[in-house]
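The values are calculated or read from the model by the stated rules, or taken from the named source; none is laboratory data. In this text the structure is predicted, and so the values were computed from the model without any measurement. Neighbour counts run over all protein chains shown; Cβ positions are idealised from the backbone, glycine included. Heads up: the accessible areas ignore ligands, DNA and RNA and are worked out on the full protein's heavy atoms, side chains in. Shrake-Rupley method; radii C 1.70, N 1.55, O 1.52, S 1.80 Å.
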Amino acid sequence: GCRGAQGRFAYKLLRDLFTNYSSALRPVEDTERVLNVTLQVTLSQIIDMDERNQVLTSYLWVRQAWLDAHLTWDKDAYDGIDSIRIPSSYVWRPDIILYNNADDHFGGSMETNVVLRSDGHIMWDSPAITKSSCKVDVSYFPFDGQQCRLTFGSWTYNGNQIDLRNQLDTGDLTDFVENVEWEVLGMPATRNVITYGCCSEPYPDVTYTLLLRRRASFYIFNLLLPCIMVSFLAPLGFYLPADSGEKVSLGVTVLLALTVFQLLVAESMPPSESVPLIGKYYIATMTMITASTALTIFIMNIHHCGPGARPVPPWARWFILHHMARLCCVYEVGESCKSPRRALGEWAGRGEVGGPGESPVEGEVGAEAGGCPRDHCLCHHDGLLRNVGYIASCFRRHRATQRRTGEWKKVAKVMDRFFMWIFFLMVFLMSMLVLGNAA
């Protein structure tokens, strides 16, 4: 019987309240009086952050509370009913909207019920999926943080009609679902009173600033670490032997790999003037690899100097072959420079043994055949001396050419080692610089 009485009183209360009620007018007893509206936003979930289009999609619970002077009753007259829940379309609602809305449909809050109390206080809780514009600063991507603002205010009522205030100093994050990409650091709320150029009346609004920090683990393991490892391959091109034919191809391959990573970053970033930190690292590394490839071509040209090359200048012999060779721990010319000397020694030994040993025999045979005495015939000795002198001069020229070529090869090897350590140091410093900016 008690439940039936409560139900009948609730129907009677609803009929009595809305008999002469209109939801089109602001519910105040005096039209000059300001209606106080409090706002509280609860962040439930960050659905998406579109950096390229600078749009934040979030799931919010919006709570609005105000006093309706026309919807009050004596709860004792209605069997102690203190509050009822009715559709929000039955009562007047403030036109609080999101100012920086980026949704093309302009969808508002969901049509949920409101809680109406006997003293006229109305509380309206409604969930909403909002798309708000957010200025994205990607200067320190992927170690960046963003500040996205959610500005709520009345669209038609000015500050003399509705006084909008925030219930708490911060947004409610107790029911927030953790996002895999973004970490929420806070959501402070501020009340602003702005006079726009269209109107002379002030318009209050409540702005919630969502402080976000990107979780950089995904980008470190998929974009940054592969780039660092590929970058350390570029100086190893100087360590490859010049005769392998793979020095230039290694640099070009590394350059193409970094270009692919650069394109992956550029696809997700907004086309703004600010270059992300990882993009700067890619550009600096690509510039370094381009310079190393150009230096490799120059050093290979020095290594493959032909027989007609000029001798190594004295300053280069003193500075590169002595001081820089000690600094870079290059003490040997290499196998390609030792083999000609070894061959020359073998050929010279053979010439000393075979030439002088056979020429007297041939002279004796010729002397015996021609009847010319050995001591008085100088024609054979002069021809033999000319041939031996010609062969010796050829060997001396060949040895000088081999020595000159070996010196240029040693110059190229010393320069390879020197630039290898220089570029290793540059890659290490750039990597530490990026990690330092991240910290």
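Comparing THR72, MET110, THR195 along the charge dipole axis of the range 66-225, the residue lying farthest to the positive side is THR195, per the Cβ-charge model.
Counting 0.36 nm for each residue step from MET229 to ASP104 and taking away their Cα separation leaves a gain of 40.6 nm.
Look at the dipole of the range 7-214 built from charges on Cβ: of TRP124, SER88, ASN101, the Cα furthest out on the positive end belongs to SER88.
Given a Förster distance of 51 angstrom, what is the FRET efficiency for GLN147 paired with LEU25, based on the Cβ-Cβ distance and rounded to 0.05? Intermediate values should be presented prior to the final figure.
Numbers: r = 39 Å, r/R0 = 0.76.
Approximately 0.85, to the nearest 0.05.
The charge dipole of the range 158-271, taken about its Cα centre with unit charges on the Cβ of Lys, Arg, Asp and Glu (plus for the first two, minus for the last two), comes to roughly 320 debye. A simple spin-label model places the labels of ARG213 and ALA392 8.3 nm from each other, with each point 7 Å out along Cα-to-Cβ.
If you plug the beta carbon distance of CYS199 and LEU429 into 1/(1 + (r/R0)^6) with R0 = 51 Å, you get a FRET efficiency near 0.35.
Determine the gain in length on full extension of the stretch PHE9-ASP76; use 0.36 nm per residue of separation and subtract their C-alpha separation, reporting nm with one decimal. Intermediate values should be presented prior to the final figure.
On the way: separation 67, 0.36 × 67 = 24.12 nm, distance 1.07 nm.
23.0 nm is the gain from fully extending PHE9 to ASP76.
Here the range 7-214 exposes an accessible surface that is 49 percent carbon and sulfur, computed with a 1.4 Å probe and the other protein chains kept in place. Per q in 0.13 Å⁻¹, report the Debye log10 I(q)/I(0) for the range 7-214, using one uniform scatterer on each alpha carbon and no solvent. Debye curve over Cα of the range 7-214, log10 I(q)/I(0) at q = 0.13 Å⁻¹: -0.79.
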